[in-house]
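This report concerns only the one structure given below.
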Amino acid sequence: MKILNCPLNGPRNISEFVWGGEVRTHPALDCSDAEWADYAALENNTAGVVREWWYHVPTAYWIIAERDTVKDVIVRTYPARELFKDRVVFEAPAKQEGR
Amino acid sequence: MVFALLKYGLSRHYPARHQFPRPRELKPSYDLVIIGGGGHGLATAYYLARDWGITNVAVLDKGYLAGGNTGRNTAIIRSNYLTPEGVQFYDESIRLYKDLSNDFDLNILYSERGHLTLAHTDAAIRTMRWRAEVNKHFGVDSELVFPAEIAKLCPQLNLSDKVRYPVLGALYHVPGAIARHDAVAWGYGAGAATRGVEIHQRTEVTGILREGVNGTGGRVTGVVTDRGTIKCGKVIQAVAGASSLVAAMVGLKLPIRTIPLQACVSQPLKPFLDKIIVSGSLHVYISQSSRGELVMGGSTDPYSLYGTRSTLDFKEGLMMHMLELFPYLAEVKLLRQWAGMTDMTPDFAPIMGETPVENYYIDAGWGTWGFKATPVCGKRNAEMLATGKVPELIAPFSHRRFLEFKQLGEKGAASVGH
Amino acid sequence: MTTSRLPAPAGALLDRAKPITFGFDGRSYTGFEGDTIASALAANGVGVLSRSFKYHRPRAVLSAAGHDANALVQIGAEPSVPADRRRIEPGLSVTPQNVFGSLAHDRAAVIDSLGRFLPVGFYYKTFFRPKGSWKHWEKLIRALAGLGKVDLAAPHGYHDKQYLFADVAVVGGGAAGMAAALEAAEVGAEVVLIEENPRLGGALGYARFDPEGGHGASLMAELAAKVEAHTGITVMLDATCNGWFADHYLPVIRGTRLHKLRARSVVVATGSYEQPLVFRNNDLPGVMYSSAAQRLIRHYGVRPGTRAVVATANGDGYGAALDLLEAGVEVACVADLRPERSDGALADAVADRGVPIVRGATVTEAVPQRGLVGIEAARVARITGQGLTTALDDRFACDLIVTAIGYNPTTNLIHHAGGRVSYNEETAMFEVTWLPETLHAAGSVTGTFALDAVIGEGRRAGWSAARDAGFKVGAAPAVPNDRGQRGVNHPWPIFPHPKGRDFIDFDEDIQVHDILDAIQEGYDDIELMKRFSTCGMGPSQGRHSSLNSVRLTARATGRTVDETGTTTSRPPYAQESFGVLAGRSFEPERLTPMHHRHVEAGARMMVAGQWYRPEYYGPAATRAENIRREVMAVREAVGLIDVSTLGGLEVCGPDAAEFLNRIYTFAYAKQPVGRARYALMTDQAGVVVDDGVACRFHDHHFYVTATTSGAAAVYQRMLFWNAQWRLQVNVTNVTASWAAVNLAGPKARMVLAKICADVELSAEAFPYMEVRQGNLAGIPARIIRIGFVGELGYEIHVPSSQGEALWDALMAAGQEHGIVPFGIEAQRLLRLEKGHIIIGQDTDGVTHVFEADMAWAISRNKPYFVGKRTLAIHEKNGLTRKLVGFTLKNPADPAPKESHLVIRDGQIVGRTTSVNGSFVLGKVIGLAYVAPDQAEPGTTFQIRIEGGRMIEAVVEKPPFYDPGNKRQEL
């Protein structure tokens, strides 16, 4: 059983976490269908160090872990806010009124 | 008949010849390169040679024959799928399987056992009926059965309602079978090699050559390996567990996550269990091999990994549920556990056929269901490669469906891997 | 086999004051406490323990350490127990495995004489002609295969688990392990020392290190006393560390308990497996390892024979010879495989005792007794080359052949941890060449055999492990240079015999030519050879067959041993029972606060995920009647259902509405406080994944419900998105904090009015789709006017602690109005009459919003919600199926079942998802997926029902009941 070092809870058995897959960058709302499919349907599935979402179930806390998917080694963990610093605003399409 | 064994007893020298001659060198060029010497790759080579006379073919594998998921799966064969596309596809596979021993002149130990997928909730009962109806529509022998009948089919099961998740019903799939997985690959490999296909083990593909790449996928012209570069006409990849990595060599991105699937066997026991038992809710499947071992597995691992390490949690969870179904096995001993790397797709269906790269074909996304598809994949891949047309049976599994968000609905049936 | 008990000090593990009687193969025997089954039987002159897997040859003790399948027996319902490890208990009833008839007269032994017709992998070569004949042959093969028997009546038994923690875990309590434990404990580390035998000592307890024979025992006593006295060391005896898992997570099995030990660092001091010498009939009872003979003598006080031939390639053979002599066994000859004289004191001592020593010679054949139950003599010949001997040989009458040709390190745990080994051609040994961080190894597992070096290495490993665990350490202990690696392993202890029966793998009856034949057939990769021949696949998992089979494969394929490689060792290290892995089966159960009221009211409870919910109330015999009564109560009077299992989420903060706008398909920004609104959730693929109701209690506060099975995932998904969006909102899963009921029926308001003082309930003051907070029977409550079942209704949420009180208050208040509790089945029908879908029943894993005909639930005026973009693509692509309501064209037709197929022109176009007979409407109603062009109301389509019969259905736009929705808005 691997240990994952939660930035909130300290080292915990990995069975307390749910894997959330690779951290992806949401494309702009006016992206092409192909770009959208790349984001919503396809996977990098990298062999090597990957930035991933992990969710600590007992404390309901999403964190980011950098994990080597070949060596099964967790390189680093940190709170999601390190990566997602700012409020995300989705602009309304131009023809519509904003709220 | 057993007379086949006489020569072994009566001849002075061991009468068998080498099944997989090892060509020393790679030729500078082949009509076709198959990346991956597992079941699917070898089957493709076999049918290319046997049915289409195409033998200027190299099968390349970075390891040994069938060393990937072909030799790591739990060898269950069934066609009780949920979607019409799935049922027809696997039904052809079963029909081919039944003839393989005779085709190969090698016993693949194909053993029809009957397959019970247990339902522990009324939602599961609805899914089982759905599968049964779709199966019957295509002439596949599946039926929804209830505990009284299950007790007759498999008296070894604990059908008590005093357990946490009592068995409410099951999908009974009569043709469900097991076989010797390695033998399937060996049969295909030997059959292909005998007809002139070159099988290069311990030969790793490190790159794929393309021309005309200009905002498009271009066209494949050759393959770079750790033993040299070869030119070729067409290439097909059949490398479960490494699909994304090989596809990336031609710039192709897949909807696949590589996730380990673990399995284990018990010590060999005298035969007591004929049926293949699967429980989606309990994440358990089990069959007894002809050697007497209980071959068991559960669901895929909780996170992705390019590795085949084993975990303790897997077998703890598996055995907890196993003993709910078979409480009398508590003193039976586990002998060995292992893992394979599976290509999990979002809709639990494979990715087959053409790609945006000209002359580059794919056979991937086999998740936990690749072994049972081996013959049909080989046969239809060969047809596609030989004729240049994608056979109807595999057309639904195109890579394009993900880009168009037209996923197949197989997810409803595959709550447990095997 | 003639044997007898030896006096002390032989038999150190025995308590001779405590005789124990047990049964084997139908007869009764007596041993002493401390005896294994095998040692007690040997003391009684019983040698044969089992019959072999393929040829049914008699087999006996080989390793006396559980390293082979020869000693596997059955005890009651427990198959494959190693008789050379399991200790006897009073009344134990032991039976042999895999015999047809009796151990002495096994009918299947005839297979041995047919051996040449059963080449390696013979079952691949035949039994399939004519087509289908394998079905019959398989029965025979299966009956012959397998060892132990399963007893379908066997009890589950008790097993449990315990977590343990250590700074340093030391696996193996021999000299190296004890030294490591002491060194680590000295600097303050908490050490757990795991030893699979009943006492510490390892080889010190049975091997001979000096001509006098006392050195091992005195060193063992000294080290063991220090270890046992040290407060920093916890010793686990009779405990097997059965694997290494990531981050030093070690399963340690002792009896029926699985200890899960988490350590900061680990020392592997697991020793090595002695290896067999390969010659004709090397499997016969009476052929055993030197360590086995010594274990029998020193541990169990059993004389293993009367006249022995020793074949050796190292000092341990001479040590064993001295032990045999001391035990009164005549040693007819020592055949030393090495041409030169190379052993000092031990060999000299043997020579001094007058034992003839033949150098450069080996045993080439064990001459069997009749029935192969023992040996009569050993043939000894000169070695002339690799695996070759002179044709002339000497015949030594004997009943015991003891072999000592070398070891293979017990690297199982090191393999599990990803460590690497490589073959050293000079020492003819696999050696550890790389270890992962914070894992250390010491002793013969590293190829170190010199006792001083073993202890030095142990200390060094303990020192390193303590350092890795964070302890301050001094200077590293020194390890003597001479590790004693030479002169231990013979490079080629394989002497194939023209007549075969020269076994490489005893478990699987694999002989030298089987391996060569497999290679000749093309199975020339070590992995292919193993898989084709099954060498190493039996119960001992290559412990005794791996080294020799790799050597053979290497030679046959012209590669080095290192190039050939070994097969991978996988967990578990030793066999482990299903029960010990399972432990006590913990399955969480969730009960609503009103659970006991349902049970008291005679509810039949059904499983709903981890929850239990009432299916209906009343006896199973009158199921339909019960459901009808419940349904009619709701339609005509009032009913009460427990909906506490629904998910509850508090969404608070200035961005609460914006957040819901992004999470759900509907619009929430302008939702007034005090209103409830439907909430439909999709994923990024546009697939419908959950639904509920969003109640606005404040500009910054929504209370959102989720489905029973979806609650946890909805919560997780909400947090996932906001970890990225960083909106000012806080989401809390309050599912367990709230109990909830739905009070529904025309008389619901009257019932509620009786216990409600502070909320105005009139239709004008509290209309449909509004929410209020107030007190009911003194209980603070959230009251939502919604109508899943299509009647005037109130969903009432109260703190969980008050759930039962609320239930009681409502039941009491409703008594005069004929209130009836109703279950899931009634609710399913009631909602179907209204055409409301159930996510997961009327949708599947790929159903998107348009297919579910729920475009009405999408707000198109907001820039974003999860799934919006993909839904736009779906809308552009058009539909392939659509969910519709239907009734039967001919009311006399039988009702379809849920999941019956919709067929058009012989093709599957859809299926029914919900079907029920409506009591109030007097007809069958349902929901089904049909082709998009069949979705117009009034369209007829075909359903294939039970027995393949086709019936006609007509699309009818729901709601089927009260199409104007007047009743829920009363």
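The values are calculated or read from the model by the stated rules, or taken from the named source; none is laboratory data. Because the structure is a prediction, the values reported are computed rather than measured. When we count neighbours, we look across all protein chains shown, and the Cβ atoms used for this are built from the backbone with ideal geometry, even at glycine. The accessibility values were calculated without ligands, DNA or RNA, using every heavy atom of the protein model including side chains. Shrake-Rupley method; radii C 1.70, N 1.55, O 1.52, S 1.80 Å.
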Original post:
Is there any pair with a first residue in the stretch C:117-128 that is at the interface with another protein chain (Cβ under 7 Å from one of its Cβ atoms) and without any contact (Cβ under 8 Å) to a residue 40 or more places away in the chain and a second that is acidic (Asp, Glu) and outside any loop (DSSP other than H, G, I, E, B) whose Cβ atoms are under 8 Å apart and which are 6 or more apart or on different chains, and what are they?
Top reply: C:Phe127/C:Glu138
**OP:** For the stretch B:313-324, enumerate the residues that are within 13 Å of B:Met296 (Cα to Cα) and surrounded by fewer than 23 Cβ atoms within 10 Å (Cβ to Cβ).
**Re:** B:Glu316, B:Gly317, B:Met320, B:His321
Subject >> Any chance C:Leu219 is buried (at least 23 other Cβ atoms within 10 Å of the Cβ), of a type in the set (A, V, I, L, M) and not in a loop (DSSP other than H, G, I, E, B) >> reply: no
**OP:** For C:Glu770, work out the one condition from (1) modelled with pLDDT under 95; (2) more than 23 Å from C:Arg911 (Cβ to Cβ); (3) surrounded by fewer than 22 Cβ atoms within 10 Å (Cβ to Cβ); (4) within 52 Å of the chain's Cα centre (by Cα) it doesn't fulfil.
**Re:** (1)
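Given the criterion open to solvent by 20 Å² or more (accessible area, probe 1.4 Å), modelled with pLDDT under 95 and either part of a loop (DSSP other than H, G, I, E, B) or touching a Cys at 6+ places or on another chain (Cβ under 6 Å) (or both), identify the matching residue among C:Pro498, C:Pro491.
Values: C:Pro491 fails: modelled with pLDDT under 95.
Every option except C:Pro498 fails the conditions.
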Subject >> Of all residues in the stretch C:235-268 being open to solvent by 10 Å² or more (accessible area, probe 1.4 Å) and away from every other protein chain (no Cβ under 14 Å), the one that is farthest from C:Pro58 (Cα to Cα) >> reply: C:Val235
Original post:
For the stretch C:570-608, which residues satisfy the criterion of being polar (S, T, N, Q) and open to solvent by 30 Å² or more (accessible area, probe 1.4 Å)?
Top reply: C:Gln575, C:Ser585
**OP:** Name every residue in the stretch B:36-91 that is touching a strand residue (DSSP E or B) at 6+ places or on another chain (Cβ under 9 Å) and of a type in the set (Gly, Ala, Ser), in order of residue number.
**Re:** B:Gly36, B:Gly37, B:Gly41, B:Ala45, B:Ala49, B:Ala58, B:Gly68, B:Gly71, B:Ala75, B:Ser79
Original post:
In the stretch C:780-815, what residues are open to solvent by 10 Å² or more (accessible area, probe 1.4 Å), of a type outside the set (Gly, Ala, Ser), over 21 Å from C:Ile627 (Cα atoms) and free of Cβ contacts under 8 Å to residues at least 60 places away in the same chain?
Top reply: C:Pro780
Original post:
Restricting attention to the stretch C:69-101, and to residues there that are among the acidic types (Asp, Glu) and buried (at least 19 other Cβ atoms within 10 Å of the Cβ), which single residue is nearest to B:Ala4 (Cα to Cα)?
Top reply: C:Glu78
**OP:** Give just the number: which of (1) assigned to a loop (DSSP other than H, G, I, E, B); (2) touching an Asp or Glu at 6+ places or on another chain (Cβ under 9 Å) does C:Phe165 not satisfy?
**Re:** (1)
Original post:
For the stretch C:713-766, which residues satisfy the criterion of being away from chain A (no Cβ under 14 Å), surrounded by 22 or more Cβ atoms within 10 Å (Cβ to Cβ) and assigned to a helix (DSSP H, G or I)?
Top reply: C:Ala748, C:Val751, C:Leu752
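Inspect the stretch C:576-588 for any residue being in contact with a Gly (Cβ under 7 Å, 6 or more places away or on another chain) and either within 14 Å of chain B (Cβ to nearest Cβ) or at positive phi (or both) and give the result as yes or no.
Here is the first cut: in the stretch C:576-588, the residues in contact with a Gly (Cβ under 7 Å, 6 or more places away or on another chain) are C:579.
Within this subset, residues satisfying the condition of being either within 14 Å of chain B (Cβ to nearest Cβ) or at positive phi (or both) are C:579.
Checked the stretch C:576-588: at least one residue is in contact with a Gly (Cβ under 7 Å, 6 or more places away or on another chain) and either within 14 Å of chain B (Cβ to nearest Cβ) or at positive phi (or both).
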**OP:** Look through B:Tyr165, B:Tyr110 and report the one residue that is within 8 Å of another protein chain (Cβ to nearest Cβ), among the hydroxyl-bearing types (Ser, Thr, Tyr) and out of contact with any helix residue (DSSP H, G or I) (no Cβ under 7 Å at 6 or more places or on another chain).
**Re:** B:Tyr165
Original post:
Is it fair to say C:Lys862 is over 17 Å from B:Arg126 (Cβ atoms), basic (Lys, Arg) and at pLDDT 95 or above?
Top reply: no
Original post:
For the stretch C:298-318, how many residues are open to solvent by less than 10 Å² (accessible area, probe 1.4 Å) and in contact with a helix residue (DSSP H, G or I) (Cβ under 6 Å, 6 or more places away or on another chain)?
Top reply: 6
**OP:** May I ask you to say which residue of B:Pro396, B:Pro346 is touching a residue at least 24 places away in the same chain (Cβ under 8 Å), over 22 Å from B:Leu96 (Cβ atoms) and surrounded by fewer than 24 Cβ atoms within 10 Å (Cβ to Cβ)?
**Re:** B:Pro346
Original post:
Filter the stretch C:102-111 for residues that are surrounded by 15 or more Cβ atoms within 10 Å (Cβ to Cβ) and out of contact with any Asp or Glu (no Cβ under 9 Å at 6 or more places or on another chain); which is nearest to B:Leu100 (Cα to Cα)?
Top reply: C:Ile111
Original post:
Residues C:Ala685, C:Ala694: which one is among the hydrophobic types (A, V, I, L, M, F, W, C), under 22 Å from C:Val849 (Cα atoms) and under 41 Å from the mean Cα position of the chain (by Cα)?
Top reply: C:Ala685
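Just give me the residues in the stretch C:828-865 being among the aliphatic types (A, V, I, L, M) and outside any loop (DSSP other than H, G, I, E, B), in sequence order. Walk me through how you get there before you give the answer.
Within the stretch C:828-865, the subset among the aliphatic types (A, V, I, L, M) is C:829-830, C:832, C:837-839, C:846, C:849, C:852, C:854-855, C:857-858.
Hits for the stretch C:828-865 are C:Leu829, C:Leu830, C:Leu832, C:Ala855, C:Ala857.
From the set of residues in the stretch A:15-50 that are acidic (Asp, Glu) and either more than 8 Å from chain B (Cβ to nearest Cβ) or assigned to a helix (DSSP H, G or I) (or both), which is surrounded by the most Cβ atoms within 10 Å (Cβ to Cβ)? Explain how you work it out, then say what you get.
First, the residues of the stretch A:15-50 that are acidic (Asp, Glu): A:16, A:22, A:30, A:33, A:35, A:38, A:43.
From what's left, either more than 8 Å from chain B (Cβ to nearest Cβ) or assigned to a helix (DSSP H, G or I) (or both): A:16, A:22, A:30, A:33, A:35, A:38.
Numbers: A:Glu16: 15, A:Glu22: 15, A:Asp30: 9, A:Asp33: 15, A:Glu35: 12, A:Asp38: 17.
Only one residue fits best here, namely A:Asp38.
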Original post:
Pairs under 6 Å by beta carbon, first residue more than 7 Å from chain C (Cβ to nearest Cβ) in the stretch B:1-20, partner at pLDDT 75 or above and open to solvent by 60 Å² or more (accessible area, probe 1.4 Å), six or more apart or different chains?
Top reply: B:Pro15/B:Lys7
**OP:** Scan B:Leu305, B:Leu334, B:Leu312, B:Leu325 and give me the residue that is touching a residue at least 12 places away in the same chain (Cβ under 8 Å), at the interface with chain C (Cβ under 8 Å from one of its Cβ atoms) and not aromatic (Phe, Trp, Tyr).
**Re:** B:Leu334
**OP:** Restrict the check to the stretch A:63-82 and report whether at least one residue is away from chain B (no Cβ under 13 Å), more than 20 Å from B:Asp313 (Cβ to Cβ) and more than 12 Å from the chain's Cα centre (by Cα).
**Re:** yes
Original post:
If we scan the stretch C:194-201, do we find a residue that is in a strand (DSSP E or B) and under 20 Å from C:Leu164 (Cα atoms)?
Top reply: yes
Subject >> Close pairs from the stretch C:61-83: first more than 17 Å from C:Gly286 (Cα to Cα), partner open to solvent by 10 Å² or more (accessible area, probe 1.4 Å) and of a type in the set (Val, Ile, Thr), Cβ under 9 Å, at least 6 apart >> reply: C:Val73/C:Thr95; C:Gln74/C:Thr95; C:Ile75/C:Thr95; C:Gly76/C:Thr95; C:Ala77/C:Val150; C:Pro79/C:Val150; C:Val81/C:Ile75
